[in-house]
């Protein structure tokens with residue numbers, strides 16, 4: 001779900017929220033701004049949930065892994081297609097990072113066998 005939302009917000013094909021905001025297709029500016037604000041709120045929720053689940057250190061490690069994978073994908077792609085490959089890889093990797101962070105909280109809860117967690121090895125529920 002988070003991955004689909006990330007790619008729906010921006011992707012290089014032009015069929016995305018940002019692409020829709022850039023064209024004059026008869027939709028009112030107020031509707032476009034309302035949809036953009038909704039997307040920013042949902043993205044902010046995903047970022048805050050990821051940060052709460054992984055913590056600063058976990059997000060730093062995850063970003064380092066994504067950076068190394070981005071470097072590897074960039075090096076593996078042919079030189080002519082490198083920008084197109086990276087323009088698809090970067091939103092995909094951001095969605096992957098957010099999905100992993102959101103899923104981590106459920107994973108820790110199931111791993112410890114607790115249905116309601118208050119405090120599990122450094123993770124505070126809200």
| request: Please compute P(r) over all alpha-carbon pairs of region 47-90, binned at 5 Å starting from zero, and give each bin as a whole-number percent. | output: 5, 22, 21, 15, 14, 12, 8, 2
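What length, rounded to one decimal in nm, is gained on full extension from residue 56 through to residue 18, with 0.36 nm per residue of separation minus their alpha-carbon distance?
On the way: separation 38, 0.36 × 38 = 13.68 nm, distance 2.89 nm.
Here the answer is 10.8 nm.
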| said: At 7 Å along Cα-to-Cβ for each site, give me the label-to-label distance between residue 67 and residue 106 in nm. | reply: 3.0
| task | Report the full-extension gain for the segment residue 31 to residue 83: residue separation times 0.36 nm, less the Cα-Cα distance, to one decimal in nm. | result | 15.5 nm
| query | Using alpha carbons only, how many degrees (0 to 90, rounded to 10) separate the axis of helix 82-112 from the longest principal axis of the chain? | reply | 20
| query | After finding the eigenvalues of the alpha carbon gyration tensor for region 2-124, what semi-axes result from the square roots of 5 times each, listed largest first in whole Å? | reply | 31, 23, 9
| request: Compute the normalised compactness of region 12-59: alpha-carbon radius of gyration over 2.2 N^0.38 Å, N being the residue count. | output: 1.55
| request: Per DSSP H run of n ≥ 4, the term is -39500 (n - 2.57); total these for the chain, divide by its residue number, and report the mean residue ellipticity at 222 nm rounded to 500 deg cm²/dmol. | output: -26000 deg cm²/dmol
| task | Before anything else, pin down the relative contact order of region 2-124: Cα pairs under 8 Å, at least 6 apart, normalised by residue count, whole percent. | result | 37
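A short reminder: the numbers here are calculations on the coordinates, not readings from a lab. Note that the structure is a prediction, hence the values are computed from the model and not measured. Cβ atoms come from the backbone with ideal geometry, glycine included; neighbour counts cover every protein chain shown.
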